[in-house]
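Worksheet: one structure, shown below.
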Amino acid sequence: MTKQLVLLDHDGGVDDYLATMLLLTMDHIELLGVVVTPADCYIQPSVSATRKIIDLMGFSHISVAESTVRGINPFPPLYRRDSFIVDHLPILNQSEIIKTPLVAETGQDFMVRVLREASAPVTLMVTGPLTTVAVALEKAPDIEAKIQKIVWMGGALNVAGNVEKSLEPGQDGSAEWNVYWDAVSAAQVWKTQIEIIICPLDLTNNVPVTSELVQKMGKQRRYPLSDLAGQCYALVIPQDYYFWDVLATAYLGHPEYYQLREWETEIITAGLSQGRTKVVAGGRKISAMDQVDKAAFYAYILQQFAR
């Protein structure tokens, strides 16, 4: 069986680590590498935690790269500090040596190289902002032909965003954080001809992380992945937390669980609605995950982490 080639670009939030874990459980996927974009994290502990997770799962031949891009609107420090907590979880610190390599080149250069060297077009699985992708495309426009599609956790089409006015005064609440961090770069990617499939807040708002699911994960904690996932979800359970990145990533495992809908859109790059993914007639056509079989999704997560 020919495996689907995937390059992961995540930004170090709690659900980014879980999305990385989920992707590595998919037997039909060949993960070509992991880029960590310094957005919803502090980059050193995030890179470290990513490498330790890959070690834990036995894939230490997969390289990790640190992107050096910068966004326009930083994530709040309160969000970003979780990267330190995950990096210090006991299950990830049973060995003094990290085997998974950290490449010397930047994440954006690594992305260019991996795409150029790939034997077939690659799916970019992006669970953070699109900045590293935009910079890579600017540096090497030829790689657009090597990108089969971008599957992105980002945007809010017909619901409110999650950039709270209390954290970002002067904004109207329409933006989703992965767009808002660098809407200019998102707009640049929108100008390409690459197929884009987004997992927007319209869908993720309906798929929360529940106490029931965390408790089910705890009942199978004899499995290392369930143990780690349960600890991560316990960390965020006091919040209104949703399956953002994990829901987006699960699409690669079971696209039949999802219904897609096409929209014409634009990215707002300035003003009160900076970071909004706006539905506009004649705009850039994208596909959005519109509905999901929640029961099948929840069962899939428990099944995949039972190892």
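How much length, in nm to one decimal, is gained on full extension between Ala160 and Ala234, taken as 0.36 nm per residue of separation minus their Cα-Cα distance? Result for the pair: 24.0 nm of gain on full extension.
The largest accessible area among Leu56, Leu24 belongs to the first residue in Leu56, Leu24, and the rest follow in falling order (1.4 Å probe, all chains).
Length available on full extension from Arg307 to Glu212: 0.36 nm per residue minus the Cα-Cα distance, which gives 32.2 nm.
Over every Cα atom in the stretch 57-110, the radius of gyration and the widest Cα-Cα span, Dmax, amount to 14.1, 37 Å.
Projected label points at Ile72 and Ala299, each 7 Å from Cα along the beta carbon direction, are separated by 4.4 nanometres. Fully extending the segment from Glu195 to Thr2 would add 67.4 nm, taking 0.36 nm per residue of separation and subtracting the current Cα-Cα distance. 3J(HN,Hα) along the stretch 14-28, derived from phi through the Karplus expression 6.51 cos²θ - 1.76 cosθ + 1.60 where θ = phi - 60°, amounts to 3, 6, 5, 5, 5, 5, 4, 4, 4, 4, 6, 8, 8, 5, 8 Hz, with x in place of Gly and Pro.
Across the chain, C-alpha contacts under 8 Å between residues 6 or more apart give a mean separation that, scaled by the residue count, equals a relative contact order of 18 percent.
In the assembled protein chains, Thr100 presents an accessible area of approximately 0 Å² (probe radius 1.4 Å). A cut-off of 5 Å between modelled amide H atoms, ignoring neighbours fewer than 5 places along the same chain, links Val35 with Leu8, Asp9, His10, Ala65.
Residue by residue, the stretch 167-184 carries 3J(HN,Hα) couplings of 9, 10, x, x, 9, 9, x, 8, 8, 9, 4, 5, 7, 4, 3, 7, 5, 4 Hz when phi is fed to the Karplus relation 6.51 cos²θ - 1.76 cosθ + 1.60 (θ = phi - 60°); x denotes Gly or Pro.
Looking at the chain alone, DSSP beta bridges between its own residues are antiparallel in about 30 percent of cases.
From helices alone, the chain scores -10500 deg cm²/dmol at 222 nm; the rule is -39500 (n - 2.57) for each run of n ≥ 4 DSSP H residues, then divide by the residue total. Size estimate for the stretch 173-307 follows the Kirkwood approach: the inverse of mean 1/r over distinct Cα pairs works out to 16.4 Å. Counting lysine pairs in the chain that sit 8 or more residues apart in sequence, or on different chains, and whose Cα atoms lie under 22 Å apart gives 15. Which residues in the stretch 195-222 place their backbone N less than 16 Å from a point set 7 Å from the Cα of Glu264 along the Cα-to-Cβ direction? Residues passing the 16 Å test: none. Computing semi-axes √(5λ) of the Cα gyration tensor in Å directly from the structure and comparing it against (1) 38, 33, 17; (2) 45, 24, 20; (3) 27, 23, 20 singles out (3).
If the label point is 7 Å along Cα→Cβ of Ile85, which residues in the stretch 1-31 have backbone nitrogen under 19 Å from it? Answer for this model: 11-21. Taking amide hydrogens as placed 1.01 Å from N in the peptide plane, the amide H of Ile147 sits under 5 Å from those of Val122, each at least 5 positions away in sequence or on another chain.
Take every Cα pair under 8 Å whose residues are at least 6 apart in sequence, average their separation, divide by the length of the stretch 83-183, and the relative contact order is 23 percent.
The values are calculated or read from the model by the stated rules, or taken from the named source; none is laboratory data. Note that the structure is a prediction, hence the values are computed from the model and not measured. Neighbour counts are summed over all protein chains in view; Cβ atoms, including those assigned to glycine, are modelled from backbone coordinates with ideal geometry. All accessible areas refer to the heavy atoms of the entire protein, side chains included, with ligands and DNA or RNA removed. Shrake-Rupley method; radii C 1.70, N 1.55, O 1.52, S 1.80 Å.
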